[in-house]
1. Check Asn25 against each of (1) near ligand 1 (Cβ under 8 Å from one of its atoms); (2) over 11 Å from the mean Cα position of the chain (by Cα); (3) not β-branched (Val, Ile, Thr) and name the one condition it does not meet.
2. So, in the range 83-109, of the ones that are of a type in the set (Asp, Glu) and within 16 Å of ligand 1 (Cβ to nearest atom), which residue ends up farthest from the chain's Cα centre (by Cα)?
3. Do you know which residues across the range 99-120 are open to solvent by less than 10 Å² (accessible area, probe 1.4 Å), out of contact with any Asp or Glu (no Cβ under 9 Å at 6 or more places or on another chain) and within 12 Å of ligand 2 (Cβ to nearest atom)?
4. Scan the range 149-169 for residues that are part of a helix (DSSP H, G or I), open to solvent by 60 Å² or more (accessible area, probe 1.4 Å) and closer than 17 Å to Lys132 by Cβ and jot them down.
Amino acid sequence: MRAIKIGIAGPVGSGKTTIVEQLTNLLKDRYKIAIVTNDIYTKEDAIYLQKHLQIPSEMIVGVETGGCPHTAIRDDISMNKKACEELEAKFAPQIIFVESGGDNLSTTFSYELIDFYMYVIDVAQGGDIPRKKGAGLLLCDLLIVNKTDLAQYVDVDLALMQNDVQVARKNKPFIFVSKKDISSLEKIIEWLVAIL
Ligand SMILES: Nc1nc2c(ncn2[C@@H]2O[C@H](COP(=O)(O)OP(=O)(O)OP(=O)(O)O)[C@@H](O)[C@H]2O)c(=O)[nH]1
Ligand SMILES: [Mg+2]
């Protein structure tokens, strides 16, 4: 069976793994979920998720890309494609989350690997990121602006940032979230369920 594949990309530390963990927790009783994570030199994110998620650990696979993260999700997708195909053959998941390694603002996914992708930035990286644009932020199917709880500590004006995101995204969707506010994550679930 072919799974719906959802890519998650974004700069280093923006919260991709945390979002995969939380979405999986919110969806695991409704859908059979598998996960592919990418790190350059390790399987760190896969090991973390295997420890913290209550889904079979064999359904979480770490890919060591060995080089630029965007290469493995856009230019030569063979390692990730193989990981997804093996998960589909063994477990027939309905959803596979494919987390890219953290990368720069120009990162995009190949649609030969995934069906839809989210791009995750966070407010602590700077409120001006939406004005700096970048292909990932502009072209992704859903832009997530994470860590809104930190805005007050890093002097980011969320209203201004929201306005800049609106301008950058034109009519494409975006959601501001925080891991500390489950209701904000429910909005990602609504988007996911709609595309599923
Ligand atoms: N305060 C706060 N911290 C967060 C939030 N989301 C994630 N974090 C923290 O940010 C750090 C990085 O989160 P990860 O989920 O590992 O980020 P990542 O994008 O997967 O990182 P890489 O895979 O290394 O690029 C962790 O310490 C998380 O606990 C949030 O909404 N608020
Ligand atoms: Mg990660």
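1. Just one mismatch for Asn25, condition (1).
2. Ranking the candidates gives Asp103 first.
3. Ser100, Val120
4. Hits for the range 149-169 are Leu160, Gln162, Asn163, Gln166, Val167.
Yes/no per residue for (1) farther than 15 Å from Thr37 by Cβ; (2) within 14 Å of ligand 1 (Cβ to nearest atom); (3) open to solvent by 30 Å² or more (accessible area, probe 1.4 Å):
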| position | (1), (2), (3) |
| --- | --- |
| Ser78 | yes, no, yes |
| Gln125 | yes, yes, yes |
| Asp128 | yes, no, yes |
| Cys140 | yes, no, no |
| Val145 | yes, yes, no |
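The values are calculated or read from the model by the stated rules, or taken from the named source; none is laboratory data. These numbers were taken from a predicted model, which means no experiment stands behind them. Glycine gets a Cβ as well: all are built from the backbone with ideal geometry, and neighbour counts include every protein chain shown. Remember, those area values only see protein heavy atoms, side chains included, never the ligands or the DNA or RNA. Shrake-Rupley method; radii C 1.70, N 1.55, O 1.52, S 1.80 Å.
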